[in-house]
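The structure under discussion appears below in the form of structure tokens.
Derivation of every value follows stated rules applied to the coordinates shown; laboratory data play no part. Values in this document were obtained by computation on a predicted structure and should not be read as measured data. Glycine also receives a Cβ, built like all others from the backbone with ideal geometry; neighbour counts cover every protein chain displayed.
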């Protein structure tokens, strides 16, 4: 028994080391540049592909050289990405860098396919470490022992770099207080590039070192990125040592957890993250972020729609209501889907832009609404209006429960807790086969006769979504909306005014959850079915992308962003084989050309005109 | 301003409207996870393109040209429905075909029932597709989970092993494969004991820990459902740690070139598995297929190639027999239709719309540093599928 536990522990430690390498890179990059680098997984994957290509070209004996060379090559690519893309948008609204790196990730996924082909590639094992070493009567792979030793070595090397070199001192200074470092004359440009390259180097090294254990494949990026986020957050953002401890914690819990609960891997890391953030809101070794100095937002002042604005909105709604007379069934189906996502994005916008709380798990409430409606219809036989209401109630209750927890946090930690919650909801939908149908979902939820035609359903969707959007618009400019913006702009001043921050943000969370739930319910009837991917991370990321594309600092941005993003992605999937490459490229170009989003950028000339007046 | 943006985007959507069908053309709508699963779908696409070429070279569908309009579903059921909607509402296809993931198969099947159009599923393996969630519009080509499990359980029952452990990805496919295998083996061998199970998340196996956890239960035999990159990791860790030494291994689908070839010289030896040994099948119908395939693509076929090829061949045969694109006539034509395939004749059973296409069963071996199947034989689905009465009880009442 003891032998088995020993072997299990060693295996866990080896996994921890691989995870740490990748996570430390992300943590360092975030600490200095405040960029949530979604492309970190893509660089990890590129590292593996580069190392495979090199060993394939120069033979298995070149393994060690190839691993280091691959990491260096990818680090150079990373530096180029930083210089040409990220450097242009550090001033853009928070999380805009996330959108840019998301675009890069999409592009890399398809590029890898074009360059390296679709098949899984088996790299060589590490020369000299192919076999196993017998310890306590168990065979432990020699490569695992190497990895176990490498983790602390890299940690030590990073410590030396940060504490014994000028570069490291600057990095630590910038991590602690970016503005102060800049004020003291530190050249931020090259510091950021250097840090980004270092982070990418670690990611690519981690990927290249997976070669002897894994098959190099084009899904590696997404598989690692979420785990890495989790580890970084548990450890505390910016803390390399925290990432090290968190990687060990998660990996060991997983290795031993599966002995008792073989299905635990799916959700374990997220349970740990939710637990840690509940006890320590800034992770195990993270410090409370220094309060943001009153950065005056350069956003245009928000104004409620005036009479003319509402008139235009009414005309637009009327025009849409007439659309079924001109469009075919397919276009109407797409139109319904786009409207549903406009509501989804608008509900996220209430949290993200009005409340300043970026949720990375908004799909949870979309999915709860979808499952709520589907179950109400299938299990209780509810009619469509009642089923939609049921979905809203389920989503609202979920948002009330999880929101209570989440609003105790802010910033990236809030984002990560919402992500964890969404992933836990996802795993319930995925595992609770008796109720949710598991992976096979719930099918056969079609609208009744009056909304069965594409035309009827479009009208139904418009009839639900347009009032809901109007209601959200009214909420934004209600006294409640002003209070919410006050908590966003200055927590301290808002509280001094007697605004109960948590109460207001909690209410916003519930309203946003209900909006997303309503969208989710409609979505079920549009598709006739619901599957766990309605709760999945990709949908949450899509929501973020819609709000950011539209313009996070604007009121109408999310609607325009949702229309643009959804219509474009449906069109690209239908028309091209490389939809991810095209969509990613459009996002990257859009980010550079319009760093304030579609609406934000298109409004700038008018803002100037107004100023002159 | 926002009004103009709306209009621009609506215009963008509308631009995609194509010209109507030309006379003398029959259209099939094909949907698969092209961008999500290229390792399977690229050979699959080559397979159906070859079939399409052959069909039109031989006069098409009763003189009409056959066209296949192919769409990507990005691996998501909801996107598959969008694509199906486009194919049915805009392109006016006669029937739908394709699919890889089980949940996408189920979503398309349900869509087909709602829109009253025939759906011919190629790959999705879930038993629910033709049984518990079966409907009269849905047909399926590939041997299902149940058939794979039955073929393997037959062989497993002949092994001396009594203590069994299972490793399967933690989602519907893995769960139902293990459930079917356990039920069938326990029925044949009441003395079998199930001593351990591991359910790593699909695509994220922690192979070392899983291998150790299985070893700790000390089984005499292991049944495996892992595939793709997870399989590679499991085999590598298991080989290094000696997990498979002195143990029998029975493994789903591992003999398919898609999964066996990437393992190169590290391919497992002596596993009992189902698969596709294209290098050793010398029936005339397979020879004709492989020659045509190699001539056209200068590459060897994978199992996906056969699935793609036969899916479109079956769709064409149904269309030709029905002499119409009317759904009811297509269903009538498809029920009980017999047609040739590279694996020999297959029938779409009238009782559950499952084809009798089978799989090759054999043992894995290493030849010239590559994994292959040896001692294999073809197992027709007809010999493993339950009878009509049993199937009727499994399907919902129409």
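Within a 10 angstrom radius of each residue's Cβ in A:263-272, how many Cβ atoms of other chains show up on average? Whole number is fine. Display every interim value, and only then the final one.
Details: counts 7, 3, 10, 7, 1, 1, 0, 0, 0, 0.
Neighbouring Cβ atoms belonging to other protein chains average 3 per residue here.
In nm, to one decimal, how far is the residue A:471 label point from the residue A:176 one, both placed 7 Å along Cα→Cβ?
That separation, rounded to one decimal, is 5.0 nm.
Using Cα atoms only, what is the angle between the long axis of helix A:63-84 and the major principal axis of chain A, expressed in degrees (0 to 90) to the nearest 10?
For A:63-84 against chain A, the angle is about 30 degrees.
Hey, what angle do you get for helix A:579-593 against the long axis of chain A, alpha-carbon based, 0 to 90 degrees rounded to 10?
80 degrees
Be a star and scan segment B:139-174 for residues whose amide nitrogen sits under 20 Å from the point 7 Å along the Cα-to-Cβ vector of residue B:218.
It comes to B:160-167, nothing else.
Return A:144, A:434, B:291 ranked ascending by Cβ neighbour count within 10 Å, so the fewest neighbours appear first. Mind dumping the intermediate values first?
On the way: A:144 26, A:434 7, B:291 10.
Ranked by crowding around the Cβ, least crowded first: A:434, B:291, A:144.
Which of B:205, A:258 comes first, and how do the rest follow, when ranked by fewest Cβ neighbours within 10 Å?
Listed from fewest to most nearby Cβ atoms, that is A:258, B:205.
Return one number: the angle in degrees, 0 to 90 and rounded to the nearest 10, between the long axis of the Cα atoms of helix B:102-115 and the longest principal axis of the Cα atoms of chain B.
30 degrees
So, R0 is 41 Å and r is the distance between the beta-carbons of residue A:435 and residue A:279; what FRET efficiency does that work out to, to 0.05? Could you put the intermediate results ahead of the total?
Values: r = 31 Å, r/R0 = 0.75.
Approximately 0.85, to the nearest 0.05.
Let me know the mean shielding of B:229-237 by other chains, meaning the per-residue number of their Cβ atoms within 10 Å of its Cβ. Walk me through the numbers before you get to the answer.
Details: counts 11, 2, 2, 8, 4, 0, 2, 8, 5.
If you average over the peptide's residues, the count of other-chain Cβ atoms is 5.
At what distance in nm do the modelled label points of residue A:115 and residue B:264 sit from each other, each positioned 7 Å from its Cα along Cα→Cβ?
1.9 nm
222 nm [θ] for the protein assembly as shown, helices only, -39500 (n - 2.57) per DSSP H run of 4+, per residue, to 500? Intermediate values should be presented prior to the final figure.
Numbers: 38 runs with 604 residues, N = 1011.
Result for the protein assembly as shown, helices only: -20000 deg cm²/dmol.
Express in whole angstrom the spacing between the alpha-carbon centres of segment B:329-398 and segment A:190-244.
Here the answer is 45 Å between Cα centres.
Report the label-to-label distance for residue B:332 and residue A:303 in nanometres (one decimal), using points 7 Å from each Cα along the Cα→Cβ vector.
6.8 nm
In percent, how large is the relative contact order of chain A, given Cα pairs closer than 8 Å and 6 or more residues apart?
20 percent
Roughly how many whole Å is it from the C-alpha centroid of segment A:372-441 to that of segment B:118-158?
Their Cα centres are 32 Å away from one another.
Which order do peptides B:357-370, B:89-102 fall in by mean Cβ count within 10 Å, highest first?
Details: B:357-370: 18.1, B:89-102: 24.2.
Output ranking for B:357-370, B:89-102: B:89-102, B:357-370.
Please compute, for peptide A:561-567, the average count of beta-carbon atoms on other protein chains lying within 10 Å of each residue's beta-carbon. Don't skip to the answer; put the middle values down first.
Values: counts 1, 0, 8, 5, 1, 1, 6.
The shielding value for this peptide is 3.
If each residue's Cβ is checked for other Cβ atoms within 10 Å, how do A:218, A:362, A:163 rank with the fewest at the top? Walk me through the intermediate numbers first.
Details: A:218 26, A:362 30, A:163 10.
With the sparsest Cβ surroundings first, the list reads A:163, A:218, A:362.
Could you rank the peptides A:227-236, A:591-600 by their average count of other C-beta atoms within 10 Å per residue, with the highest value first? Numbers along the way, then the final one.
Working: A:227-236: 27.6, A:591-600: 20.6.
Sorting A:227-236, A:591-600 by mean packing, highest first, produces A:227-236, A:591-600.
If packing is taken as the average number of other Cβ atoms within 10 Å across a peptide's residues, how do A:398-411, B:254-267, A:313-326 rank, most packed first? Let's see the in-between values first.
Numbers: A:398-411: 20.2, B:254-267: 21.9, A:313-326: 13.8.
By packing density, highest mean first, the sequence is B:254-267, A:398-411, A:313-326.
Compute the Cα gyration tensor for the protein assembly as shown, then decide on rounded, prolate or oblate, letting a ≥ b ≥ c be the square roots of its eigenvalues: rounded whenever a/c is under 1.5, prolate when a/b is larger than b/c in the other cases, and oblate in all that remain.
Oblate shape, in that a/c is at least 1.5 and b/c is the bigger or equal ratio.
Taking R0 as 35 Å, what FRET efficiency do you get between residue A:2 and residue B:183 from their Cβ-Cβ distance, rounded to the nearest 0.05?
0.45
Rounded to the nearest 0.05, what FRET efficiency is calculated for residue B:282 and residue B:158 with R0 set to 30 Å and r the Cβ-Cβ distance? Don't jump to the answer; show the numbers that get you there.
Details: r = 26 Å, r/R0 = 0.88.
About 0.70, to the nearest 0.05.
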